[in-house]
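Scroll down for the structure; my scribbles are underneath it.
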Amino acid sequence: MSEEKTESPIDKVDGLQLESIDDKIKVKHDDKSKQKHKLEENIDKPNGRTNNNETGNCYCGKERNLNIIELLCASCSRWFHESCIGYQLGKLVPFMMNYIFMCKNCSPTGLESFKKNQAPFPQMCVTAIANLLQISQKENEQRTFFHKDKDIIPFIECHWDSMTTMPRRVTQSWHATIHRALLKDVGTLFTIEESNSDGQLFGLICSDLQMIKPNYEAMIKGGHLKVTEMGVQHVVPLSGGFRGRNAKRKFPGEGTGTGPGKKGRGSDMTAPKLPAHGYPLEHPFNKDGYRYILAEPDPHAPFRQEFDESSDWAGKPIPGWLYRALSPSTVLLALHDRAPQLRVSEDRLAVTGEKGYCMVRATHNVSRGTWYWEATIEEMPEGSATRLGWGQEYANLQAPLGYDKFGYSWRSRKGTRFHESRGKHYSNGYGEGDTLGFLLILPDTHDASHLPNTYKDRVRMK
């Protein structure tokens, strides 16, 4: 368990093509004649503006060009080339999603409006990967996956001011944030590929680059954007005295054992109970695309003594190569890789759920060979049900096993088997006192590396 939430045929234009002076003059004359003809057709329309919804994209009527910057109008949903827009846009990059643009045909004032917002890191990652993908296709390179440290972060660092209004970070702590953003949206925005030489490589789950655009509908529904007769307006949230999500939280034990108004931590502080299995009880849960690995100091790490004696790393995070993933010696139910509402017994061999379908995984996984395990239904109250089976590491913990393509389950009711939420009859139902066995046969791929992942490139946290 590790810490882990476009490709249509590209136009034949391989870059910005320069036209001859004669061609430009012809285009200008054609545009003037077209504008005169449209002006006569739309003389009775309000503000004297034309409706170009039937003429394709942009003022020039040309098709999209993924090699240059293009903006999507929030009103008519048409794309406009940067060179055709009269508004001073500033620094931009292709495939941005953090802006609001309205063309002069849709604006009540007849003037273009543009506003660039602060981009969250997932959007910056999508923009970076899309540009890298377009560049690789332009150079006839068959690359669809890119390395975080070698490709994605250097692109964002080079185009930071163009991609977002957020001030440029002074430290490199945002590199870890980029990694978490990529892992969080694996399966929804990004795809991941493990390479023996380069490690983790990331790509876009939607390979059609023409589909990358601002989500204006979500902005309107969420109340962040309002389209009025005067154009696009932002809804600024009111700042009141309510406690926001960034309000200071009380830590466990803070304020206990003391009288009102006192700020002490309390005099009845006790040492935390150490479980028999030695696994920390406060290990963070795997949720929302984040995966956590319990690490221990690696006694075989090179230059360990030099690191301990050096003062260059004082006050800095301990690098991950000095640690290794902890491998438990006994297969138990995972305390961290489960839904928080599940209750696991102290010996970590039994689990109880009471608030709908959710999942728990074991501490170990398998990748090849033949494996078998059994489970006994100790208690099953009236109206309850369970699903048991095998699940991969990406199976949703807040859903029944077999809900997605990463799980295979056997349900107690009617003995139905599930995969991708599709149920098929398998056997009679089972209940309290029954023991079930699950056999899994996996092929042994001789070309794959059987060494476990070291996870030394992951961000270390306490």
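A short reminder: the numbers here are calculations on the coordinates, not readings from a lab. Since the structure is predicted, the reported quantities are computational estimates derived from the model, not experimental observations. Positions of Cβ are generated from backbone atoms using ideal geometry, with glycine treated the same way; all protein chains shown enter the neighbour counts.
For Ser409, what is the net charge nearby, where nearby means another residue's Cβ is under 10 Å from its Cβ and Lys, Arg count +1, Asp, Glu -1?
+3
In terms of the ratio Rg/(2.2 N^0.38 Å) built on C-alpha atoms, what value belongs to the stretch 369-442?
1.08
Note down the net charge around Ala385, summing +1 for each Lys or Arg and -1 for each Asp or Glu among other residues with Cβ under 9 Å from its Cβ.
+3
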